[in-house]
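Undergrad: If you scroll down you'll find the structure; I have some questions about it.
Nothing in this text is a laboratory measurement; each read-out follows from the coordinates by a stated rule. Treat the numbers as computed from the prediction; the structure is a model and nothing was measured. Because the Cβ atoms are built from the backbone with ideal geometry, glycine has one as well, and the counts that use them run over all protein chains shown.
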Amino acid sequence: MRKKVWIFLIIILFGLFFLFLALPGFFSSAVFYQKGEPTVINTAKIENNKSAPIISPLNTLAYDKKLNEIANNPPDPIVYNTIKTIEKDKNGKSITKITKVPVSPQPIKTHLWPVKTVYPNAGAILPFSRIVAYYGNLYSTKMGVLGEYPEAEMLQKLEAEVKKWEVADPNTPVIPALHYIAVVAQGTAGDSGKYRARMPFSEIDKVLAMATKIPARAGGNAIVFLDVQVGFSNVQTEVPLLEKYLKLPNVHLAIDPEFSMKTGIRPGKVVGTLDATDINFASNYLAKLVQENNLPPKILIIHRYTQKMVTNYKQIKTLPEVQIIMNMDGWGGEAKKIGTYKNFIYPEPVQFTGFKLFYKNDILTPGTTMMTPASLLKLNPRPVYIQYQ
């Protein structure tokens, strides 16, 4: 009997040994992303011998609760039934008495926000954190604060804005970001004839290095957005050229319809446009990178301040691997900006919203001031991405 037990144990040990040789990956821990609820297992060794972060599974209850919070919908009005009764006074005269009784149960009003979309994979930034970004290009002092000031001063100013948001909304951690225009629309055709200039990778590397100098916040380390203004080119051509950066977990993408010139008129003369097919290409491309490189969800920003800048919005597809922000990009006084937000962002919901603030253009009219975090938090929905130019 004992001999049979020992033979059985030896067979099991040999079986485990050969399984280990054949399937070494079976025994190594990893982070797996699936549609819906992801499975998360400890830490994995990845290409460069670094360990992938431990990412907790998505808490769908917390996700839904936060979505409702940022939707910031006004209370539904109480609906009453009017009841008429006829009574007689002491002289026998008939008196009609009207009373209002709340309907029970109260009808539920349908709101545009929050948007019902797929749940994101584990590690999603939104809606749990708010992103506060500085926008610009290192070659220009006029395209935004990212290139307007020396690095140390610029980072100091960004830190000040981040702190304002932390105070204004302590329930939402802030993630600082640098939003770099990596493909810049041009007024001249250039050698390519495409009215766009691609920035050298050395410049993108500088922005990534700057981001590492930003102190980590409760929401996490600083992230970087690469912005694409295609000119006479297109999203399908320009975005894949940034793949080596978009494969990094801290780099995300923005595309700008304003400078997508589909009519043959050069940038700056008219406002351009992007269709749902362009946006879906960018989203699918990012999703593929997420899947192939075992990354947390990417963020895709689309700028918008007119109706025609984005066409066929209902055909924009949301994916577990990508979180989409429609960013209100118009400038002017507070009333004008809120009007743009209500007219072009609110009524065409996709997933999340952003809001751009201009240090100079928003205060061109004498007596106007730039909108504050407190005023932006009154919006319906509340933006999860704040961009300063």
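Undergrad: Dipole size in debye (nearest 20) for the chain around its Cα centre, Lys and Arg Cβ +1, Asp and Glu Cβ -1?
TA: Taking the Cα centre of the chain as origin, the dipole is about 1200 debye.
Undergrad: Calculate, in nm to one decimal, what residue 307 and residue 100 gain on full extension: separation in residues at 0.36 nm each, minus their alpha carbon distance.
TA: Gain in length upon complete extension: 70.3 nm.
Undergrad: Continuing with this model, one more query. Using alpha-carbon positions, what is the distance between the centroids of the range 201-237 and the range 311-380, in Å?
TA: A separation of 21 Å, based on Cα centres.
Undergrad: At 222 nm, what helix-only mean residue ellipticity would the chain give, in deg cm²/dmol to the nearest 500, using -39500 (n - 2.57) for each DSSP H run of four or more?
TA: Here the helix-only value at 222 nm equals -8000 deg cm²/dmol.
Undergrad: Given a Förster distance of 25 angstrom, what is the FRET efficiency for residue 159 paired with residue 247, based on the Cβ-Cβ distance and rounded to 0.05?
TA: In this case the efficiency is close to 0.35.
Undergrad: Using 7 Å Cα-to-Cβ label points, what is the residue 72/residue 361 separation (nm, one decimal)?
TA: Those two pseudo-labels are separated by 2.2 nm.
Undergrad: Using alpha-carbon positions, what is the distance between the centroids of the range 248-294 and the range 85-143, in Å?
TA: Value for the Cα centre distance between the two parts: 31 Å.
Undergrad: What is the distance, in nm, between label points placed 7 Å from the Cα along the Cα-to-Cβ direction at residue 209 and at residue 348?
TA: 4.0 nm
Undergrad: Membrane-span-like helices in the chain: DSSP H runs reaching 15 Å or more (Cα, own axis), mean Kyte hydropathy at least 0.0?
TA: 2-22, 201-212
Undergrad: Also, I was wondering about something else. Looking at the chain, what % of its DSSP beta bridges pair antiparallel, to the nearest 5?
TA: If I count the DSSP bridges inside the chain, around 30 percent turn out antiparallel.
Undergrad: Still on this model: Using the basic label-point model (7 angstrom from Cα toward the beta carbon), what is the residue 188 to residue 110 distance in nanometres?
TA: Each label point is offset 7 Å from its Cα along the Cβ direction, giving 5.4 nm.
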